[in-house]
Amino acid sequence: MSFCNGNLVFGRDLSDAWAVYRLDTEPYAGMPTNAKRDVLGRLAGLAYALEADFQILRVTRQWSYPDYARGVLSQADGRTADEPLLRDHLDAHRVLVDDSASRPETYLAVSLEQPSETTGAGEGLAGALADLARSARAILGLSDARSLTVRGLEKLQERERVVLGRISDYLVADRAASHELRWLMARAPLRSVTDPPVGERYEPQALVVESEKGDPRIRPLEHDVLRLCDQPIECMARTLRVSCEEGESHQAFLVAGALAEETPFPGRGAELMFAPLEAVGFP
């Protein structure tokens, strides 16, 4: 990741731009079969409507009793609420869960790459010329995400608005905030160890530099991103071991095989983002 701007995330170069959205979750386990089929239909419709590469990120966030208590107390009407009784009631909630309690969150990342760029602009000579042009831009540094022009950013923001409109036709979604992107990056090396602190006022800095042709370019301060993931990682036989101040995190990576051509729904074979992950017994 080179840098982020709002909910836009830039990877290796300018063509590797993604828009990230936070999706509202639903109480899927308790739904009747017809409602589950409706969820499947909306997800399938969204996959076709996006017409782009996308990633579904299912992550877990530790449940915070202090945050929960502050939220309830902040909404209580001081004219009618009995604060001592309310605090006793909240304390009763505290003992219902242990420190390992967590809640799932779902994010959707959609590629903003143009279809012509993804497909190589067709076959034969046209595709070869497109590949040659991309290679030339990379050699000259014109594809570096850290040299994005303001005009180029405006074009990506326009594509992002189109993507959000398509998502909203099927799901309830909001643009991921900068502090949520920060949390997603910082939690990667800390999985199972602790929940990284989140500052809602986090805003990655960037410099706008005037170019020779008068088109302003955005020069991000890359260390703002790098410092979020600055932990030593040791590659072991089947796992990664990440050492950080909070402790050691051992992470296993699995590769799924081919999916069945036909599988019953509802059922574990089709509920890949729900049933298998809920069954492991830990976040």
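Read-outs throughout are calculated quantities, based only on the coordinates presented, and are distinct from any laboratory measurement. Everything quoted here is computed from the prediction, not taken from an experiment. Quick reminder, even Gly has a Cβ in these numbers, built from the backbone with ideal geometry, and neighbours come from all protein chains shown.
Brief remarks follow.
- If you plug the beta carbon distance of ASP91 and ILE233 into 1/(1 + (r/R0)^6) with R0 = 25 Å, you get a FRET efficiency near 0.05.
- Contour minus Cα-Cα distance for GLN157 and ASP195 (0.36 nm per residue): 10.6 nm
- For the stretch 1-68, the relative contact order is 13 percent, taking Cα pairs closer than 8 Å that sit 6 or more residues apart in sequence and dividing their mean separation by the residue count.
- Peptide ranges 258-267, 10-19 listed from the most packed, as the mean C-beta count within 10 angstrom indicates: 10-19, 258-267
- In plain terms, the chain from ARG175 to LEU277 could stretch by 34.2 nm, reckoned as 0.36 nm per residue minus the Cα-Cα distance.
- Relative to its Kirkwood radius, the Cα radius of gyration of the stretch 1-74 gives an Rg/Rh of 1.09.
- Once both labels are positioned 7 Å from their Cα atoms along Cα-to-Cβ, the gap between ARG37 and ASP16 label points is 4.3 nm.
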